[in-house]
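J.: One structure, pasted below without further comment.
The values are calculated or read from the model by the stated rules, or taken from the named source; none is laboratory data. None of these values were measured; they are calculated from a predicted model. Here the Cβ is made from the backbone with ideal geometry for all residues, glycine too, and neighbour counts use every protein chain on show.
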Amino acid sequence: MNTLAEKLADAWIKKDLIDVKTADFPKSRKESHSIQEQFHKFLKKKTVGWKIGMVTKNLQEGAKVDGPMIGKIIDETVLINPKKIDYSKVPQCILECEFALKFLEDTKMVPGSENKKGNYETYISLELVSTRVNPNSKKDLNSQDLMFLNVADNGGAGAIIIGDKIKNLDNVDLNSIEVEVNLNEKITGSWEKRAHPIEALKCIINEFKDNPVTFKKGDWFMTGSIIQPMKINKGDKIKVNFKTLGKINLDFI
């Protein structure tokens, strides 16, 4: 295994962490996407959609990066309302609370498709951001170089937790939804929605405008965190309350 893509794929299979040399870091967004594409060729796992973060220009400028955090969703990492998760499967886990879209028909992501009605359902969800790269390899990176490496690392796609379907979506103002996170019986805070799923759809359209992606019927799209991402450790117990929309409880074992 000589390439970064091969090393990342092998580490994903083994749920291991690898050290990455500075010379191997991707130097551009284009190179990051290329490594991610090679990663999936080596991994040979079924993918069922995309995840995205840092959706808006304001978020990107605040983080000093040139675009969104993006990766593919691997079929076996989609978990429907689990009660427990093996922490070794999501090393260095970061919790994000999100909305997940499930497509009801094949949809090509071209300008205007973000406004199409009735082609997806929306669920409350969690993303368990993970990594195959040893944190020590990344500690001295600036924000932009870290983004390049994270995109190469499949956007940090560890696992996604799908909760309740949002009913009567047309009557729900997702921008007004607050989320309360109880971590080990301590309320950590409540945050309002930062970017609407429509903005996330626009973002993926723009990211791949030269070669649009197509969501197939049954594919998922994670639309970005609506809370400040939180570090999770083995043994943690979380209770996430999407006010008026449902709850997700999860133990990390």
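J.: Sort out which residues of the range 1-33 are of a type in the set (Gly, Ala, Ser) and touching a Pro at 6+ places or on another chain (Cβ under 8 Å), and write them in order of number. Don't jump to the end; show me each part of the working.
T.: Looking only at the range 1-33, we keep the residues that are of a type in the set (Gly, Ala, Ser), and these are 5, 9, 11, 23, 28, 32.
Across the range 1-33, the qualifying residue is only SER32.
J.: With (1) among the hydroxyl-bearing types (Ser, Thr, Tyr); (2) in contact with a His (Cβ under 7 Å, 6 or more places away or on another chain); (3) loosely packed, with under 12 Cβ neighbours inside 10 Å as the list, and SER28 as the residue in question, which single condition is left unmet?
T.: The one condition SER28 does not meet is (2).
J.: Now for a different question. Of all residues in the range 71-94, which are closer than 20 Å to ILE162 by Cα, in contact with a Ser or Thr (Cβ under 9 Å, 6 or more places away or on another chain) and not in a helix (DSSP H, G or I)?
T.: Correct list: LYS72, ILE73, ILE74, VAL90, PRO91, CYS93, ILE94.
J.: Looking at the range 105-118, which of its residues are within 27 Å of ASP210 (Cβ to Cβ) and either out of contact with any Ser or Thr (no Cβ under 8 Å at 6 or more places or on another chain) or of a type in the set (Lys, Arg) (or both)?
T.: The answer is GLU105, LYS108, VAL110, PRO111, GLY112, GLU114, ASN115, LYS116, LYS117.
J.: If I go through the range 121-172 residue by residue, how many of them are of a type in the set (Val, Ile, Thr) and in contact with a His (Cβ under 8 Å, 6 or more places away or on another chain)?
T.: Going through the range 121-172 one residue at a time, the tally reaches 1.
J.: Considering only residues of the range 5-25 that are outside any loop (DSSP other than H, G, I, E, B) and exposed (fewer than 14 other Cβ atoms within 10 Å of the Cβ), which is nearest to the chain's Cα centre (by Cα)?
T.: Residues of the range 5-25 outside any loop (DSSP other than H, G, I, E, B): 5-14, 18, 22-24.
Restricting the remaining residues to those that are exposed (fewer than 14 other Cβ atoms within 10 Å of the Cβ) gives 13-14, 22-23.
Values: ILE13: 18, LYS14: 20, THR22: 25, ALA23: 26 Å.
In this case the residue turns out to be ILE13.
Conditions (1) in contact (Cβ under 8 Å) with a residue 60 or more places away in the chain; (2) closer than 30 Å to HIS196 by Cα; (3) in contact with a strand residue (DSSP E or B) (Cβ under 6 Å, 6 or more places away or on another chain), marked per residue:
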{"site": "LYS14", "(1), (2), (3)": "no, no, no"}
{"site": "LYS41", "(1), (2), (3)": "no, no, no"}
{"site": "ILE52", "(1), (2), (3)": "yes, yes, yes"}
{"site": "THR56", "(1), (2), (3)": "yes, yes, no"}
{"site": "GLY62", "(1), (2), (3)": "no, yes, no"}
{"site": "PRO68", "(1), (2), (3)": "yes, yes, yes"}
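J.: Go through the residues of the range 97-119 one by one and say whether even a single one is within 16 Å of GLY71 (Cβ to Cβ) and among the β-branched types (Val, Ile, Thr). First the steps, then the outcome.
T.: Filtering the range 97-119 down to residues within 16 Å of GLY71 (Cβ to Cβ) leaves 98, 100-101, 109.
The next check asks that each one be among the β-branched types (Val, Ile, Thr); those that pass are none.
Scanning the range 97-119 turns up no residue that is within 16 Å of GLY71 (Cβ to Cβ) and among the β-branched types (Val, Ile, Thr).
J.: In addition: Inspect all residues belonging to the range 132-149 and state whether any of them is in contact with a strand residue (DSSP E or B) (Cβ under 7 Å, 6 or more places away or on another chain), surrounded by 19 or more Cβ atoms within 10 Å (Cβ to Cβ) and in a helix (DSSP H, G or I).
T.: yes
J.: Also, I was wondering about something else. Hey, LYS117 hits all of (1) within 30 Å of ASN168 (Cβ to Cβ); (2) touching a residue at least 12 places away in the same chain (Cβ under 8 Å) but one; which does it fall short on?
T.: The failed condition is (2).
J.: So the check is Cβ under 7 Å with 6+ separation or different chains; which pairs have a first residue in the range 149-172 that's on the phi > 0 side of the Ramachandran plot and a second one that's at pLDDT below 95 and surrounded by fewer than 19 Cβ atoms within 10 Å (Cβ to Cβ)?
T.: none
J.: In the range 223-253, which residue that is crowded, with 21+ Cβ neighbours inside 10 Å and among the hydroxyl-bearing types (Ser, Thr, Tyr) is farthest from ILE166 (Cα to Cα)?
T.: SER225
J.: Is it fair to say ASN2 is free of Cβ contacts under 8 Å to residues at least 40 places away in the same chain, over 16 Å from the mean Cα position of the chain (by Cα) and in a loop (DSSP other than H, G, I, E, B)?
T.: Yes, satisfied.
J.: Still on this model: Here is a check on your reading of the model: is VAL110 outside any helix (DSSP H, G or I), of a type in the set (A, V, I, L, M), more than 30 Å from ASP236 (Cα to Cα) and touching a residue at least 12 places away in the same chain (Cβ under 8 Å)?
T.: Here the answer is yes, as VAL110 does meet what is asked.
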